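No lab work stands behind these numbers, since they all come straight from the coordinates. Quick caveat, the model's predicted, so the values are computed rather than measured. Quick reminder, even Gly has a Cβ in these numbers, built from the backbone with ideal geometry, and neighbours come from all protein chains shown.
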Amino acid sequence: MHRILQSTIVLIAATACLAGAHAQKSPKKPRDSEASASAQTYASRPEADAFVREVAARRHIDEAWLRASLNQARFNPTVQRLMTPRTGPAGVKNWRAYRSRFVEPIRIRAGLRFWNENEATLARAEQTYGVPAEYIVGIIGVETIYGQQMGNFSVVDALATLAFDYPASHPRAADRAQYFRGELEQFLTTAYLNNTNPFDTVGSYAGAMGMPQFMPTSWSNFAVDFDGDGKINLFASKADAIGSVANYFVAHGWQRGMPAYYDMQLRSTPAQLTTLLEPDIKPSFSAADMAANGVQIAPPGNSHSGLLALIELKNGDGEPQYVAGTQNFYTITRYNLSSFYAMSVIELGQAIKRARTGAPALPDTGTEAQEPSSESSNSPAAEAAAKAYLRNKARQQRTPDPANFSTP
Ligand SMILES: [Ca+2]
């Protein structure tokens, strides 16, 4: 069990670190006043007012500062739209199309550079946490292309929008709004305690921040100071990002030395397949259970001592692919609740690892990638990728959660 570093969490904004004491002053919103004058704020919303009173009492925060902060937070219709479930036919899940967005030359080249430039830090993270470099490199590559695309949304605005104006059409809108109120609470508490201006921080439309796109509670609970400068900075410190991803994995059940999945052959009857798919990505079967249900796992997976899950990767109208997922596959899905997501992280890391050894890249097993929607092609790449997650999850998952959503 690793001890989570207890050092003070310093939330450094991408642009500035304000050292001035703000507890007696209102936070300043560095925006042009004309643009914000007509925009909707949370000043007059009773539920926002109740939030202020509750959080001030619970977190021992100056109520006037909290109210001033929230009163400057602005409803962002783009955030609301991006979080709105798509209507119409769900479409067929397609792993190969999803994979082609993440396991691609730009990300592989950037990952190769990131790995080479941070080799010693990645080795230290592997030694400390037991998480091999390829998984850490895979996560940071899929999330932000190594910090190239960390999002341009005001985190306060995004979190306030999702906390108080979560899309009502979502089947679990009330739960999701509650989740984002918790994230907003943590974000504002951290800013208050560290004398930083909450309006300086930008992130994804879901409020995820920095190279590994940590949500505020994940930052608070799992981020570590891995370069030893006394601060945690997931925007600028590659070492902190690397250590924090590894620590997040350990806190969510990562097992040192265990592969994420085993290759396998499926010889199951339809009834056996139904049995094996019922627990979804949760490891629930011994290797013997899997064999008894028609799954032939290649050695050494056939003598794996832990539980396994049958991971089904649907390929549109084509044949699905299957792997036997371990606890470590499941751990990767604690970062983002999607088997497609986890497999993309794994395969991107594998591709970069091969590139490091000079081995030729494996051919893309996928068919032609689906055309990105016109909506995606009009957006910055980071938001397109974020929307791709959401699209996939809306189809594939029960809960379209933001990246790095912490499971209860
Ligand atoms: Ca640091």
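Overview of values
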quantity	calculated
Conditions (1) in contact with a Gly (Cβ under 9 Å, 6 or more places away or on another chain); (2) more than 16 Å from the ligand (Cβ to nearest atom); (3) part of a helix (DSSP H, G or I): number failed by residue 324	(3)
Qualifying residue in the stretch 189-204 (condition: within 16 Å of the ligand (Cβ to nearest atom) and acidic (Asp, Glu))	no
Those residues of the stretch 62-115 which are over 27 Å from residue 145 (Cα atoms), hydrophobic (A, V, I, L, M, F, W, C) and crowded, with 21+ Cβ neighbours inside 10 Å, in sequence order	65, 66, 70, 73
Residues located in the stretch 307-355, provided they are over 26 Å from residue 289 (Cβ atoms) and touching a Leu at 6+ places or on another chain (Cβ under 6 Å)	352, 355
Single condition residue 182 does not satisfy, out of (1) touching a strand residue (DSSP E or B) at 6+ places or on another chain (Cβ under 7 Å); (2) more than 16 Å from the ligand (Cβ to nearest atom)	(1)
Verdict on residue 117 being among the charged types (D, E, K, R), farther than 21 Å from residue 40 by Cα and under 20 Å from the mean Cα position of the chain (by Cα)	no
From the options 207, 182, 228, 130, residue that is of a type outside the set (Val, Ile, Thr) and crowded, with 21+ Cβ neighbours inside 10 Å	207
Checklist (1) surrounded by fewer than 24 Cβ atoms within 10 Å (Cβ to Cβ); (2) out of contact with any helix residue (DSSP H, G or I) (no Cβ under 6 Å at 6 or more places or on another chain); (3) in contact (Cβ under 8 Å) with a residue 40 or more places away in the chain; (4) over 20 Å from residue 107 (Cα atoms) applied to residue 315, failing item	(2)
